[in-house]
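*Asks:* Okay, here's the structure, questions in a sec.
The values are calculated or read from the model by the stated rules, or taken from the named source; none is laboratory data. If you're wondering where the values come from, they're calculated on a predicted model, not measured in any experiment. Note that we place each Cβ from the backbone using ideal geometry, even for glycine, and neighbour counts take in every protein chain shown.
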Amino acid sequence: MPVIALHCSGAGANEWYSLAETLGDDYELLAPEHYGSASNGAWTGEHAFTLADDAARAIALIDSSQSKVHLVGHSYGGGVALHVALARSSQIASMVLYEPSAFHLLRQLGELGAEAFSEIAGVARQVGDGVLTGDYRRALAGFVDYWGGIGTWERMRPSAQRALICWAPKGPLDFHALIENPTPASAYRALKCPVLIMRGAHSLKPPRIIAERLAELLPDSRLLVIDGAGHMGPFTHASEVAALIVRHIAAIDAQSWKAKSRVAATPMERFHLRSDSETVKSFDGLMA
């Protein structure tokens, strides 16, 4: 059964290297990249960007699959994954979401979400202002230090910083698509597949509130807190997060395979790790 994994903003397919190793040869891991990545290039500018534009690749993979798929997403990739799941709900075997950036939910939570929304809206403005004035370095330094902790940007390798600077114009589009997502909270109650939601023990307020709210909204969900981790847990705690993802997927498959013989999975060749992907390596360990 295929596993589709969607990366966070500023990253790429290599975010899922540990997941690929942990899944082994029993699964086909597909990691489509978003606009702004080295493989897909800049957003086309043909119309106003929405989550649907980055979701299209995953949806095409689902439509071409002969079986249901497991869907995995981190941060922005989690927001895209939720969009994909709503679009193809009958084809999703399960989901795993690590601190999905469904920022639009904060606007639907009244006083509870107001402070958190103000916080993330401030980050979005800072990135947008930096891109608008051409100061990509300042914009990305603030972005990286918000998610990874103060000093993270300065500890990055220069090549990693340059890769993120190249991605910078996509940042405001991601924030806008997430914040202006018109999906009502109630829509997520229609997603009946089993969902594992993870957040770091050191989670920031916006993703923490979102993770907890989604755990309430999704009918068949559970929330796990990763000790010692923050928002970038899939990088800083890659092995632990990957193991939990695979455990969740294996448990779901074990249930669905009780009444039928197991079909041989497709080999891993379709997951290509690009050695030139400095964007992803920039967060790998968060150090130079």
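*Asks:* Within region 94-115, identify whether any single residue is free of Cβ contacts under 8 Å to residues at least 24 places away in the same chain, of a type in the set (S, T, N, Q) and surrounded by fewer than 16 Cβ atoms within 10 Å (Cβ to Cβ), and answer yes or no. First the steps, then the outcome.
*Replies:* Initial filter on region 94-115 (free of Cβ contacts under 8 Å to residues at least 24 places away in the same chain): 110-111, 114.
From what is left, the residues that are of a type in the set (S, T, N, Q) are none.
No, every residue in region 94-115 fails to be free of Cβ contacts under 8 Å to residues at least 24 places away in the same chain, of a type in the set (S, T, N, Q) and surrounded by fewer than 16 Cβ atoms within 10 Å (Cβ to Cβ).
*Asks:* Still on this structure: Looking for whichever is assigned to a helix (DSSP H, G or I), among the charged types (D, E, K, R) and more than 21 Å from residue 205 (Cβ to Cβ) here; the options are 125, 138. Which one fits?
*Replies:* The unique qualifying residue is 138.
*Asks:* Continuing with the same structure: Give all pairs with beta carbons closer than 6 Å in which a residue from region 240-257 that is surrounded by 17 or more Cβ atoms within 10 Å (Cβ to Cβ) meets a residue that is part of a loop (DSSP other than H, G, I, E, B) and modelled with pLDDT of 95 or more; count only pairs at least 6 apart in sequence or on separate chains.
*Replies:* 252/194
*Asks:* Only one residue in 73, 78, 41 is of a type outside the set (Phe, Trp, Tyr) and modelled with pLDDT under 95, so which one is that?
*Replies:* After applying the criteria, what remains is 41.
*Asks:* Report whether or not residue 248 is of a type outside the set (Lys, Arg) and either part of a loop (DSSP other than H, G, I, E, B) or at pLDDT below 95 (or both).
*Replies:* In short, no.
*Asks:* Pairs, please: C-beta under 6 Å, at least 6 apart or cross-chain, first residue in contact (Cβ under 8 Å) with a residue 12 or more places away in the chain and in region 187-208, second of a type in the set (D, E, K, R) and assigned to a loop (DSSP other than H, G, I, E, B)?
*Replies:* Qualifying pairs under 6 Å: 194/220; 199/99; 201/227; 207/99.
*Asks:* Continuing with the same structure: Residues being over 26 Å from residue 160 (Cβ atoms) and crowded, with 19+ Cβ neighbours inside 10 Å: count how many of those fall in region 24-49.
*Replies:* 2
*Asks:* Cβ-Cβ below 7 Å, separation at least six or inter-chain, first residue in region 216-234 and free of Cβ contacts under 8 Å to residues at least 40 places away in the same chain, second of a type in the set (Ser, Thr, Tyr): which pairs?
*Replies:* Partner pairs satisfying both residue conditions: 217/188; 218/188; 229/236.
*Asks:* Show the residue pairs that are 6+ apart or on different chains and have beta-carbon atoms under 6 Å apart, the first residue being within region 152-169 and part of a helix (DSSP H, G or I), the second being surrounded by fewer than 14 Cβ atoms within 10 Å (Cβ to Cβ).
*Replies:* Once the first residue is part of a helix (DSSP H, G or I) and sits in region 152-169, its partners that are surrounded by fewer than 14 Cβ atoms within 10 Å (Cβ to Cβ) give 155/287; 155/288.
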